[in-house]
Structures are given as C-alpha cells and as structure tokens.
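J.: Sending over a structure as structure tokens; questions will come in a sec.
Nothing in this text is a laboratory measurement; each read-out follows from the coordinates by a stated rule. The structure presented is a predicted model; accordingly, all values stated were derived computationally and were not measured. No Cβ is skipped: glycine too gets one built from the backbone with ideal geometry, and neighbour counts run over all protein chains shown.
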Amino acid sequence: MIQPTTPDDASAIIALAVAAGMFPANETEALGKVLADYFGGNLDKGHVWVSDEEAGELCGAAYYAPDLMADRTWYLYMIAVRPDCQGRGHGTMLMQHVENALRMSGQRLLLVETSGLPNYERTRTFYEKCGYEKEARIRDFYTAGDDKIVFRKVLNAD
Ligand SMILES: CC(C)(COP(=O)(O)OP(=O)(O)OC[C@H]1O[C@@H](n2cnc3c(N)ncnc32)[C@H](O)[C@@H]1OP(=O)(O)O)[C@@H](O)C(=O)NCCC(=O)NCCS
C-alpha cells in the first residue's frame, strides 16, 4: 500500500536506498539530511515522499518535487524498491501513484534522471516501460565518463 512517508520510515528508507545500490552505506548523510529537513518542514513547498509497504515492511519509496523556476514541471528525485521486492510491479505502481497525484493537481511535466552507465540499463528500460521518453544526455555529469540521462513524460497530454 502506498501512503505518505512518516518519520518512522526514515531509517528504513536509508537502508532501502543502500540495499538498492543507490548509495554506499557510508555515503547516506545527504539522504538523511533531506529526510530530516522534510520532516522538520525545512524544504520548499511541494516536496513529497511516499512509501510502499507490504506486510508492514517498507518495500519501496519515491520522492518528488517541483522545479521552482518552471511552470508545473516536476522532478522524481528518487525511486527505489527493495531488491527482494523488485520485478513484481512495485516500481510501476509507485510511478503511477506519483503521476496520478500530479495529474490530479494539474501538473504538466515529470522528469526523471539516471546514469548512462551499463549497470543502469534495467533502470532506463524501467522508465521507458513506464512511458518515459529519453530527452537529454548530459555528458560526464556524475563524474568523468558517467553521463546523466534525462527522461520526460507529459502528464496532461489528454
Ligand atoms: C528501477 C526500480 C525502481 C524498478 O522497480 P521494480 O519494482 O523492480 O519495477 P517493476 O517490477 O514495476 O517493473 C519491472 C521492469 O523494470 C525493469 N527493471 C529495472 N530494474 C529491475 C530489477 N532490478 N529487477 C527487475 N526488473 C527491473 C525491467 O524492465 C522490468 O521489466 P520486466 O519485468 O518485463 O523484465 C527498482 O528495480 C530499483 O529500485 N532499482 C535500483 C535503484 C534504481 O535504479 N533506482 C532508480 C533511480 S536512478
């Protein structure tokens, strides 16, 4: 079941991000700060975390926020599913949940970003299966040789 993330989920989200390979275990400080700022009300308006639970355990999470310099354009900053829950539709459901929430409030565009490295190929395929179009490649963004790929979906096409 997908619902708003609560402060009790914060440590499970950090563990999930590490388990899903998004951060090394010793580099979670920035994520911990984002979560602390979110629950402390210190982030800009519009930031949203949602959690996906199965049998009382966190199995996925997503975090999205608006671009303040654009008209109803949003970024999905993070989506992750626990490795033992991957490939069973949780990621797709999280994505649809985020898109539907944004559509309901009249938002326009959702951007998602990931690495261009070969080990992110399944993630890129996931975004394409969710209906995202590859829009841009920023060469050497993450580090030399590690490009950022930006995907885009129009939310209010019909
Ligand atoms: C990418 C991710 C969120 C997808 O969630 P998911 O619950 O595994 O995805 P779903 O079950 O809804 O969709 C499965 C499809 O996604 C793709 N996929 C991507 N990563 C996958 C994985 N590790 N396991 C299985 N399928 C994966 C496949 O194309 C798959 O389609 P298939 O079942 O026809 O082969 C999840 O695998 C994950 O957390 N990966 C690691 C972290 C990550 O890359 N996050 C993205 C931020 S850069």
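J.: Among all the lysines, which ones have a C-alpha under 25 Å from Lys148's C-alpha, if same-chain residues fewer than 8 places away are not counted?
T.: Lys33, Lys129, Lys134
J.: Could you work out how much longer the chain between Glu57 and Gln3 gets when fully extended? Use 0.36 nm per residue separation minus the Cα distance between them, nm to one decimal.
T.: The span from Glu57 to Gln3 would gain 18.2 nm if fully extended.
J.: What ranking, highest mean first, results for peptides 22-30, 63-71 when packing means the other Cβ atoms within 10 Å averaged over each residue?
T.: By packing density, highest mean first, the sequence is 63-71, 22-30.
J.: Moving on to the next point. Compare the peptides 95-105, 130-140 by average per-residue count of other Cβ atoms within 10 angstrom and give them in order, highest first.
T.: Working: 95-105: 15.7, 130-140: 12.9.
My ranking of the peptides, most packed first, is 95-105, 130-140.
J.: Note down the magnitude of the dipole of the chain about its Cα centre, charges +1 on Lys and Arg C-beta and -1 on Asp and Glu C-beta and zero elsewhere, to the nearest 20 debye. Could you put the intermediate results ahead of the total?
T.: Details: 16 positive and 23 negative charges, 99 e Å.
Taking the Cα centre of the chain as origin, the dipole is about 480 debye.
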